[in-house]
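Working notes, structure below.
Please treat every number below as a calculation from the coordinates, not as lab data. Keep in mind it's a predicted model, so treat the numbers as computed, not measured. Here the Cβ positions follow ideal geometry from the backbone for every residue, glycine too, while neighbour counts run over all protein chains shown.
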Amino acid sequence: MPGITAWVGIEKIGNAKEGSNVFISAAAGGVGIIAGQLAKVKGCRVVGSVGSDDKVKLLKEECGYDEAFNYRIETDYDAALTKYFPDGIDVYFDNVGGKMLEAVLNHVNHGARIALCGMISEYNKVWTEREGVRNLLNMVGKEVMMKGFMVGSYYNHFEEIIKEMEVHLKEGKIKSKHKIYNGIESFLESLASLFSSSNVGKVILQVAS
Ligand SMILES: NC(=O)c1ccc[n+]([C@@H]2O[C@H](COP(=O)([O-])OP(=O)(O)OC[C@H]3O[C@@H](n4cnc5c(N)ncnc54)[C@H](OP(=O)(O)O)[C@@H]3O)[C@@H](O)[C@H]2O)c1
């Protein structure tokens, strides 16, 4: 499922092409780690943001990302995006929303595409405390397209997507990462790992053998 979600955002909504500058947030999570690798397969320049230096290393050394940065250390997102995207952003695969989304809108190129996959930075807030995005105006002059999606709505593409992803996996062009927690008693620990930057790839809770 994370692979299919990544495909929809990169391929269908992001329309990532050879040479596109692609930014992925939560880039070492279950979806992000595949999205970035898929963009690399398509010949894009890919940068990811993550919450630890170990994840930065993983993305650059094992997953083929061109660059990655730790958003907990490089907290001025505008400055970070200026540094990592000197030629602007063509495709943003948004997993986090909030301040990162706002910063991205200051760096989009004309005709950029933003795939709204998730907004994990905002999930645990009541809506009145959620971050507002103040610079949507940037989308007008640059004719930016921003689209939310739910992977289930692309059910009719699943067969095609699975076939393509299977080839990439077999050829070693895409690596899948996951961690399995065993037993329902691990539920809280597994859930908490998503919010503490401790998970890498998909978190799976196996309730029975
Ligand atoms: N639209 C759909 O159909 C669909 C389908 C599946 C998932 N999703 C959404 O897509 C996103 C990614 O899913 P996933 O399965 O890849 O996630 P995941 O494996 O559960 O990982 C989530 C990642 O988000 C990062 N994170 C947590 N809190 C954050 C914060 N406050 N600010 C920035 N990053 C934070 C964490 O890594 P770091 O902090 O280390 O970067 C964590 O590894 C989620 O928002 C999820 O809800 C959407």
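Computed from backbone phi with θ = phi - 60° and the Karplus coefficients 6.51, -1.76 and 1.60, the 3J(HN,Hα) list for region 64-74 is x, 4, 6, 8, 8, 9, 8, 5, 7, 9, 8 Hz; x is used for glycine and proline.
Given the pairs K142/K202; K12/K202; K60/K163; K125/K179, which span a C-alpha to C-alpha distance of over 31 angstrom in this model? Spell out each step's value before the answer.
Numbers: K142/K202 35 Å; K12/K202 22 Å; K60/K163 26 Å; K125/K179 27 Å.
Among K142/K202; K12/K202; K60/K163; K125/K179, the Cα-Cα distance tops 31 Å for K142/K202.
Just add up the charged neighbours of A103: K/R +1, D/E -1, any other residue whose Cβ is under 14 Å from the Cβ of A103. Value of the local net charge: -3. Taking a straight Cα-Cα cut-off under 15 Å and skipping sequence neighbours fewer than 8 places away in the same chain, the aspartates and glutamates within cross-link reach of K40 are E11, E18, E61, E62, D66, E67, D90, E164, E171. Screening the chain for DSSP H helices whose Cα atoms reach 15 Å or more along their own axis and whose mean Kyte hydropathy is at least -1.0 gives 158-170.
Bridgeable aspartates and glutamates around K99 (alpha carbons under 17 Å apart, same-chain partners fewer than 8 residues away excluded): E74, D76, D78, E122, E129, E131. This model, with +1 at the C-beta of Lys and Arg and -1 at the C-beta of Asp and Glu, gives the chain a dipole about its Cα centre of some 160 debye. Each helix, a run of at least 4 DSSP H residues, gives -39500 (n - 2.57); summed and divided by the residues of the chain, these come to -8500 deg cm²/dmol at 222 nm.
Farthest toward the positive end of the dipole of region 90-196, out of V151, L116, L188, is the Cα of L116, where the dipole comes from beta carbon charges about the Cα centre. Rounded to the nearest 20 debye, the dipole magnitude of region 80-127 is 100 debye, with +1 charges on Lys and Arg beta carbons, -1 on Asp and Glu beta carbons, and the Cα centre as origin.
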